[in-house]
Amino acid sequence: MKIISRYLLKELTVNVTLIMLALLAMFSFFNLIQELESLGKGSYGLGKILLFVLLSVPGHIYDVMPVAVLVGCMYSLAKFARNSELIVLRVSGVSILNIALILLKVGVIFALLTFLVGELVTPIAEKMAQRVRIEATDSVITRDFKSGLWVKDELSFVNVEEILPDATLLNIHIYEFDSNFKLRMISNAKSGQFEENDWNLKQVRKTTFDHDSIHISENAEVKWHSLIRPEIMNVLLVLPERMSAYNLYSYIRHLSINKQKTTRYQVALWGKLIYPLACLVMVILALPFGFIQQRMSGASAKVFVGVMLGVMYQILNRVFVHLGLLNDWPPLFSATMPTILFLLAGLTMLHYVERR
C-alpha cells in the first residue's frame, strides 16, 4: 500500500504542478498584454512592466490553486483509468475510500501552500507591484469620491485628497465634532507624514468655532494623534481579497470602533480562511470522474470539464460575495456557500459511484 500511495502522490503532485504552471503562464501573459497599454507612461518602461507582472504571480498562484488541483487530479485519474490502473487497484482490494485518502493528502499539501502564499507572500508582493506601477506612472491613490478618501476617526471626519505610495498624505482636511456632533474645528494641512505614532502635519490652518466666535490660526507643523495608521492607508494599495487575514482583522476592528460597515472586509476575512479548504473539496469533486465512463471519455475531455468546473467555482465565489453585500447576508454564509455546494456535489457523485 505504501508503494501505491507514493506512486499516486507523485503522479498527482506532478500533474497538479504542471497544470498550475500552465495557468500561471496564461494569466501572466494576459497581465502583460494589459500592462503594455500603459507602456511609456511616465517612467513605466518594459522592465518595470515585467517586474509588475512578476510581482503579480503570487496573487495568480492563490487564485488558480484550487482550479489546478481539480484539473490536475481529474487528468491524473483519467490517465489511470485509461491504463486500467484504477480497475487493478479496485480488484486488488483498494477501496474508493483508500484512494480518496491518498488524494486528500495531495489536497492538504496544496491547501497549506495556498494559505501560506495568500497570507505571507501575496499581500507583500501585491503591495510592491502596485507601488512600482504607481510610482512609475506618476499616479496617486484616491478612493471612494472625486474629492479623495474619506475616513471616520472617532468624532472626526478626515478627507485626504491624495495619498502617495509611501503613505504620505496630501491636502488633508480634518473636521472635528463634539459629543453632540456640532462642528468644533476644521484643520487644513498641505501634507502629513507618520512619525513616532503620530502624524506630522505641515502648513496647517485651523479654524475653531467657539460659540459665536471664530478663531483662525496657522502653524508650520502640528502633531496629530489619530487611530488612522499607514497600515490602514495601505488598504488602498491592496484589494481585500489580497490582504492578509491579520490586516483584514485589524482593519475590521478599526471600522468597528468608528461604527462603520465591515461586511465587505468580513466576507474577505472568512474567504481567506475558507478558500484554502477548496483544494480538499476539489480533490473530492475530481475523484468520481476517474470511475465515470472510464473507456468512453479521455483525459482531454475531463481536463475540459475540470476547467469549466473551476471557472464555475470562481464565478460562484464572486457572485455570492456581491449578492451577500447587496442583500446583507451573513459574511460567513457568503464566503462558504460556493465551497459547500461543490463539496455536496462531490460527495453526491462519490455516493453514486460507490453504489454503482
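The values are calculated or read from the model by the stated rules, or taken from the named source; none is laboratory data. The structure presented is a predicted model; accordingly, all values stated were derived computationally and were not measured. All Cβ positions, glycine included, derive from the backbone under ideal geometry; neighbour counts span all protein chains shown. All accessible areas refer to the heavy atoms of the entire protein, side chains included, with ligands and DNA or RNA removed. Shrake-Rupley method; radii C 1.70, N 1.55, O 1.52, S 1.80 Å.
Structure note, pairs K190/K261; K41/K261; K127/K272; K48/K223: Cα-Cα distances above 26 angstrom occur for K190/K261; K41/K261; K48/K223. Using the Cβ-Cβ distance between Q203 and I257 with R0 set to 45 Å, the FRET efficiency works out to roughly 0.95.
Projected onto planes of every orientation and averaged, the convex hull of the alpha-carbon atoms in the chain covers 22.4 nm².
Could you tell me what percent of the accessible area of the range 1-137 is made up of carbon and sulfur, with a 1.4 Å probe and every protein chain present? With neighbouring chains kept in place, the figure for the range 1-137 is 72 percent.
Surface composition of the range 240-356: carbon plus sulfur atoms hold 68% of the accessible area, using a 1.4 angstrom probe and ignoring ligands, DNA and RNA. Principal-axis analysis of the Cα atoms of the chain puts helix 46-82 at an angle of about 30° to the longest axis. Near L77: Cβ cut-off under 11 Å, other residues only, Lys/Arg at +1 and Asp/Glu at -1. The net charge is +1. Against the longest principal axis of the chain, how steep is helix 2-35, in degrees 0 to 90 to the nearest 10, with axes from Cα atoms? Orientation of helix 2-35: about 40 degrees from the principal axis. Give, as a single signed number, the net charge of other residues whose beta carbon lies under 9 Å from the beta carbon of K272, with Lys and Arg counted +1 and Asp and Glu -1. Residues near K272 contribute -2 overall. With protein chains left intact and a 1.4 Å probe, residues in the range 2-107 average 48 Å² of accessible area per residue.
Of the GluC sites (Glu not before Pro) found in the range 50-126, no site is in coil according to DSSP while having at most 12 other Cβ atoms within 10 Å of its Cβ. Could you tell me which of Y249, V311, W199 has its Cα farthest along the dipole of the chain towards the positive end, charges placed at Cβ (Lys, Arg +1; Asp, Glu -1), taken about the Cα centre? Final value for the positive-end residue is V311. Ignoring aspartates and glutamates fewer than eight residues from K182 along the same chain, the ones with Cα atoms less than 17 angstrom from its Cα are D153, E154, D210, D212. Each principal axis of the Cα cloud of the range 2-131 was evaluated for its coordinate range; sorted largest first, these ranges are 66, 28, 17 Å. Candidate cross-link partners of K302 among the aspartates and glutamates, defined by an alpha-carbon separation under 20 Å and a same-chain spacing of 8 or more, comprise E11, E85, E354. The angle separating the long axis of helix 245-257 from the principal Cα axis of greatest extent in the chain is about 40 degrees. Dipole size of the range 64-198 about its Cα centre, with +1 on Lys/Arg Cβ and -1 on Asp/Glu Cβ: approximately 1060 debye, rounded to the nearest 20.
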